Amino acid sequence: MATSTNPTSEVCTVTPADFLELTDVWEVSVRATHHFLREENIQFFRPLILQEFLAQLELRCVRESSKVLGFVGVADGKIEMLFLHPDARSKGIGKQLLQYAMSELSATKVDVNEQNEKAVGFYLHNGFGVKSRSEVDGMGKPFPLLHLKLKA
C-alpha cells in the first residue's frame, strides 16, 4: 500500500483538468514556505498560475489516492515550478520530482527565491550551483532570485 512517506509513488502526467488542484497545491505550499510574500502577492500570482503559467509548462505530479501531493513544471530545460503540499514535505517527493525533471524532462536550470532558504538548500544539496543573482523576480517584483544550474 502506497503512502505519502513512500517516495516511489508514480510520477504522473497532468492535464488542464488538474490545473485548479495544482494551483491549490501551489498556494498552500507558498503559504508554508514563502514567508516573505504578503497576501496581496499571493492573490496577484494565483490567477496567473491558474490561467497562464501552468499551460506553458510540461507538468508532472505525484498523487496519493488521486490527491496531488506535489508537482513540477519544466520549460526549455528549466524548472519553472516545483511545489509540494505541506503534508508531503520531507518525504522524498520533492527529490523524486526533481530527479524526474532532470532525467526525463532534461531540466538543468532553476531559479529560486533567495529568501526561500530551504528551497535554496534543497537545490544546492541536489547538485545545483549558483550561477548568478537578480535583485527582482521575473515579473520585476522585489524578490531576489538565485539562478542555479546543475553542476557538470
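Filter region 30-48 down to the residues that are out of contact with any Phe, Trp or Tyr (no Cβ under 8 Å at 6 or more places or on another chain) and among the aliphatic types (A, V, I, L, M), then identify the one that is least open to solvent (accessible area, probe 1.4 Å).
Looking at residues that are out of contact with any Phe, Trp or Tyr (no Cβ under 8 Å at 6 or more places or on another chain) and among the aliphatic types (A, V, I, L, M), I get ILE42.
Among the numbered criteria (1) open to solvent by 30 Å² or more (accessible area, probe 1.4 Å); (2) at pLDDT below 95; (3) polar (S, T, N, Q), which one does SER132 miss?
(2)
For the structure I just gave you, tell me whether ASP24 is at pLDDT 95 or above, open to solvent by 40 Å² or more (accessible area, probe 1.4 Å) and under 24 Å from PHE128 (Cα atoms).
Numbers: at pLDDT 95 or above: yes; open to solvent by 40 Å² or more (accessible area, probe 1.4 Å): yes; under 24 Å from PHE128 (Cα atoms): no.
Here the answer is no, as ASP24 does not meet what is asked.
For region 49-65, name all the residues that are more than 15 Å from PRO16 (Cα to Cα) and open to solvent by 10 Å² or more (accessible area, probe 1.4 Å). Steps first, please.
Within region 49-65, the first condition is being more than 15 Å from PRO16 (Cα to Cα), and the residues that meet it are 62-65.
Correct list: ARG63, GLU64, SER65.
Pick out the one residue from GLU40, GLU27 that is out of contact with any Cys (no Cβ under 7 Å at 6 or more places or on another chain), closer than 20 Å to ASN113 by Cα and without any contact (Cβ under 8 Å) to a residue 12 or more places away in the chain. Steps first, answer last, please.
Details: GLU27 fails: without any contact (Cβ under 8 Å) to a residue 12 or more places away in the chain.
Being out of contact with any Cys (no Cβ under 7 Å at 6 or more places or on another chain), closer than 20 Å to ASN113 by Cα and without any contact (Cβ under 8 Å) to a residue 12 or more places away in the chain holds for just one of GLU40, GLU27, which is GLU40.
Considering region 66-81 alone, what residues qualify as being without any contact (Cβ under 8 Å) to a residue 60 or more places away in the chain and buried (at least 17 other Cβ atoms within 10 Å of the Cβ)? Working first, answer last.
Narrowing region 66-81 to residues without any contact (Cβ under 8 Å) to a residue 60 or more places away in the chain: 66-68, 70-81.
If the condition is that a residue be without any contact (Cβ under 8 Å) to a residue 60 or more places away in the chain and buried (at least 17 other Cβ atoms within 10 Å of the Cβ), then VAL68, GLY70, PHE71, VAL72, GLY73, VAL74, LYS78, ILE79, GLU80, MET81 are the ones that fit.
Within region 15-32, which residues are within 14 Å of the chain's Cα centre (by Cα) and among the polar types (S, T, N, Q)?
THR23, SER29
Scanning region 115-125 for residues that are surrounded by 18 or more Cβ atoms within 10 Å (Cβ to Cβ) and not hydrophobic (A, V, I, L, M, F, W, C), which turns out nearest to LYS151 (Cα to Cα)?
Filtering region 115-125 for residues that are surrounded by 18 or more Cβ atoms within 10 Å (Cβ to Cβ) and not hydrophobic (A, V, I, L, M, F, W, C), the one nearest to LYS151 (Cα to Cα) comes out as TYR123.
Looking only at region 124-152, count every residue that is touching a residue at least 60 places away in the same chain (Cβ under 8 Å) and over 11 Å from GLU114 (Cβ atoms) and tell me the total. Talk me through it step by step, then tell me what you get.
Restricting attention to region 124-152, the residues satisfying the condition of being touching a residue at least 60 places away in the same chain (Cβ under 8 Å) are 141, 143.
Keeping just the survivors that are over 11 Å from GLU114 (Cβ atoms) gives 141.
Counting residues in region 124-152 that are touching a residue at least 60 places away in the same chain (Cβ under 8 Å) and over 11 Å from GLU114 (Cβ atoms) gives 1.
Consider LYS91 against the criteria (1) modelled with pLDDT of 95 or more; (2) open to solvent by 50 Å² or more (accessible area, probe 1.4 Å); (3) touching a Pro at 6+ places or on another chain (Cβ under 7 Å): it satisfies all of them except one. Which criterion is unmet?
Here LYS91 meets the rest and fails (1).
When you scan region 1-99 for strands (runs of 3 or more DSSP E) that lie fully inside it, which ones turn up with 2 or more residues that are within 22 Å of ASP111 (Cβ to Cβ)? Full working, then the answer.
On the way: elements: 11-13, 58-64, 67-75, 78-84.
Because the criterion is at least 2 residues that are within 22 Å of ASP111 (Cβ to Cβ), the strands (runs of 3 or more DSSP E) in region 1-99 that meet it are 58-64, 67-75, 78-84.
Considering only residues that are open to solvent by 30 Å² or more (accessible area, probe 1.4 Å) and closer than 20 Å to GLU40 by Cβ, which ones fall in region 136-152?
First, pick out the residues of region 136-152 that are open to solvent by 30 Å² or more (accessible area, probe 1.4 Å): 136, 138-142, 147, 149-152.
Within region 136-152, VAL136, GLY138, MET139, GLY140, LYS141, PRO142 meet the criteria.
The values are calculated or read from the model by the stated rules, or taken from the named source; none is laboratory data. Note that the coordinates shown come from a computational prediction; the quantities given were computed from them, not determined experimentally. Because the Cβ atoms are built from the backbone with ideal geometry, glycine has one as well, and the counts that use them run over all protein chains shown. When the accessible area is computed, the model is the full protein with side chains, heavy atoms only, and any ligands, DNA or RNA have been set aside. Shrake-Rupley method; radii C 1.70, N 1.55, O 1.52, S 1.80 Å.
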